[in-house]
Amino acid sequence: MKENICTIPINDIFRETGGCPICRMHQMLEEQYVEFITGSAMMAPDVRVQTNKTGFCHRHYSQMVKTGPRLSNALLLQTHIEEMRAKALPKKLSDAPDKKMIEAIRNLEHTCYVCDRIDADILHLLKTVYAQYGVDEEFRKLYAGQEYICLDHYALVMTGASKKTVDKKYFSDFIEATNRLTATYMDSLYDSVTKFTTMYDYRSRGQDFSDCKDSIEKAVKFLTKEEV
C-alpha cells in the first residue's frame, strides 16, 4: 500500500476494525479541533471572528473546558458574549428585542465552529476514501473488513458515492461492501436486542444472555453515533 500525506490518516483509521471507521474519523477531527481552538487558534484573528459569530455546541464547550487552558476558554467566551450582547439584546432594557435579535439567539442553538469544521473535513476525507477504494486492493480489503458503518455515516458515505468519486470499475463493489457492513450489523443488533427482551420472560430462565447484555448501548451508538 503506497501512502502519501492524504492517505496516511485514512489508512491508519481503516487499519482498526472495531466500530464504525467514519466515527473514528470524526473523533480524530474532533480531538484535533478542540485542541486547536483553545491553543494556536487563539492567535488567529480569522478564526476568532468565526468563533465570535457561531460559538460552540454544548458538547464542544464541555470538551474545551475539560481539556483546554482556562484562560483560552475565558477569552473565547469574552469575545463571543461581547458579540452576542450587541446582536441579541436591545441597547436599552426598556426596548423589546426585534425579530432579528430573537433569530440570532435561536441560531446559536444550531451553530458550532468545531461541528462546522468537522463536517467540512469529513467530506474531504471521504473523497480520499472513494479514491483509495478505486486504486488500492489492500485498502479495499481493509474497508470490507470493518465491523460496521453506523446508520448516520452510512447515509453520509452513500450520499457522496458515485461513479465520479469511486472508480467505475469498483463502484458496484463499493456499494455492495458498504450495504453489507451496515445491513449485517443491523441484523445482528436486531437479533441481540430481541434476545435481550426475552431475558425477562420466565420461560427463558437458565439461558445464557451474556452476549446481549450490552445490546441496548450498541444499538443506540449504531443509530445515533453517540455513546450512551
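The values are calculated or read from the model by the stated rules, or taken from the named source; none is laboratory data. None of these values were measured; they are calculated from a predicted model. Methodologically, a virtual Cβ is constructed for each residue, glycine included, from the backbone with ideal geometry; neighbour enumeration extends over all protein chains shown.
Tell me which of these LYS66 doesn't satisfy, since it passes every other one: (1) touching a helix residue (DSSP H, G or I) at 6+ places or on another chain (Cβ under 8 Å); (2) over 29 Å from THR128 (Cα atoms); (3) of a type outside the set (A, V, I, L, M).
If we test LYS66 against (1) touching a helix residue (DSSP H, G or I) at 6+ places or on another chain (Cβ under 8 Å); (2) over 29 Å from THR128 (Cα atoms); (3) of a type outside the set (A, V, I, L, M), just (1) comes out false.
Restricting to segment 192-213, name every residue that is under 27 Å from the mean Cα position of the chain (by Cα) and surrounded by 13 or more Cβ atoms within 10 Å (Cβ to Cβ).
Answer for segment 192-213, where residues must be under 27 Å from the mean Cα position of the chain (by Cα) and surrounded by 13 or more Cβ atoms within 10 Å (Cβ to Cβ): SER192, VAL193, CYS212.
Quick one: count up the residues across segment 136-150 that are surrounded by fewer than 17 Cβ atoms within 10 Å (Cβ to Cβ), in contact (Cβ under 8 Å) with a residue 60 or more places away in the chain and in a helix (DSSP H, G or I).
Qualifying residue count, segment 136-150: 1.
Quick one: which residue in THR79, THR7, THR17 is hydroxyl-bearing (Ser, Thr, Tyr) and crowded, with 18+ Cβ neighbours inside 10 Å?
After ruling out the rest, the residue left standing is THR7.
Quick grid of which residues meet (1) touching a Cys at 6+ places or on another chain (Cβ under 6 Å); (2) among the aromatic types (Phe, Trp, Tyr); (3) at pLDDT below 95:
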{"residue": "ALA104", "(1), (2), (3)": "no, no, yes"}
{"residue": "LEU108", "(1), (2), (3)": "no, no, yes"}
{"residue": "LEU125", "(1), (2), (3)": "no, no, no"}
{"residue": "TYR133", "(1), (2), (3)": "no, yes, no"}
{"residue": "GLU147", "(1), (2), (3)": "no, no, no"}
{"residue": "LEU156", "(1), (2), (3)": "no, no, no"}
{"residue": "SER162", "(1), (2), (3)": "no, no, no"}
{"residue": "GLU176", "(1), (2), (3)": "no, no, no"}
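Checking the condition under 23 Å from GLU31 (Cβ atoms), of a type in the set (Lys, Arg) and exposed (fewer than 14 other Cβ atoms within 10 Å of the Cβ), which residue from ARG85, ARG70, ARG106 passes?
ARG70
Would you kindly identify the helices (runs of 4 or more DSSP H) lying entirely within segment 1-67 that contain at least 3 residues that are more than 21 Å from ILE81 (Cβ to Cβ)?
Helices (runs of 4 or more DSSP H) meeting the threshold: 7-15, 21-37.
Just for segment 154-170: of the residues that are touching a residue at least 24 places away in the same chain (Cβ under 8 Å) and assigned to a helix (DSSP H, G or I), which one is farthest from THR224 (Cα to Cα)? Explain how you work it out, then say what you get.
To start, the set of residues in segment 154-170 that are touching a residue at least 24 places away in the same chain (Cβ under 8 Å) comprises 154, 156-157, 160-161, 165-167, 169-170.
Right, trim to assigned to a helix (DSSP H, G or I) and you get 154, 156-157, 160, 169-170.
Values: TYR154: 11, LEU156: 13, VAL157: 15, GLY160: 20, LYS169: 33, TYR170: 29 Å.
Looking at residues that are touching a residue at least 24 places away in the same chain (Cβ under 8 Å) and assigned to a helix (DSSP H, G or I), I get LYS169.
Residues that are more than 23 Å from ASN11 (Cβ to Cβ), touching a residue at least 12 places away in the same chain (Cβ under 8 Å), among the small types (Gly, Ala, Ser) and assigned to a helix (DSSP H, G or I): does segment 176-193 have at least one?
Yes, segment 176-193 contains a residue that is more than 23 Å from ASN11 (Cβ to Cβ), touching a residue at least 12 places away in the same chain (Cβ under 8 Å), among the small types (Gly, Ala, Ser) and assigned to a helix (DSSP H, G or I).
Considering segment 194-228 alone, what residues qualify as being without any contact (Cβ under 8 Å) to a residue 12 or more places away in the chain and among the aromatic types (Phe, Trp, Tyr)?
Within segment 194-228, TYR200, TYR202 meet the criteria.
Of the residues in segment 164-175, how many are exposed (fewer than 12 other Cβ atoms within 10 Å of the Cβ) and not hydroxyl-bearing (Ser, Thr, Tyr)?
Residues that pass the stated criteria total 3.
Mind checking which pairs have a first residue in segment 44-72 that is of a type in the set (S, T, N, Q) and a second that is not in a helix (DSSP H, G or I), Cβ under 8 Å, 6 or more apart or different chains?
If the second residue must be not in a helix (DSSP H, G or I), the pairs left are THR54/THR111; THR54/CYS112; THR67/THR38; SER72/THR38; SER72/GLY39.
Could you tell me whether any residue of segment 181-202 is modelled with pLDDT of 95 or more and among the β-branched types (Val, Ile, Thr)?
yes
Right, LYS127: of a type in the set (D, E, K, R), surrounded by fewer than 16 Cβ atoms within 10 Å (Cβ to Cβ) and out of contact with any Ser or Thr (no Cβ under 9 Å at 6 or more places or on another chain) or not? Explain how you work it out, then say what you get.
On the way: of a type in the set (D, E, K, R): yes; surrounded by fewer than 16 Cβ atoms within 10 Å (Cβ to Cβ): yes; out of contact with any Ser or Thr (no Cβ under 9 Å at 6 or more places or on another chain): no.
Spelling it out, it is not the case that LYS127 is of a type in the set (D, E, K, R), surrounded by fewer than 16 Cβ atoms within 10 Å (Cβ to Cβ) and out of contact with any Ser or Thr (no Cβ under 9 Å at 6 or more places or on another chain).
Restricting to segment 106-125, what's the tally of residues that are in a helix (DSSP H, G or I) and in contact (Cβ under 8 Å) with a residue 40 or more places away in the chain?
Looking only at that region, the number is 10.
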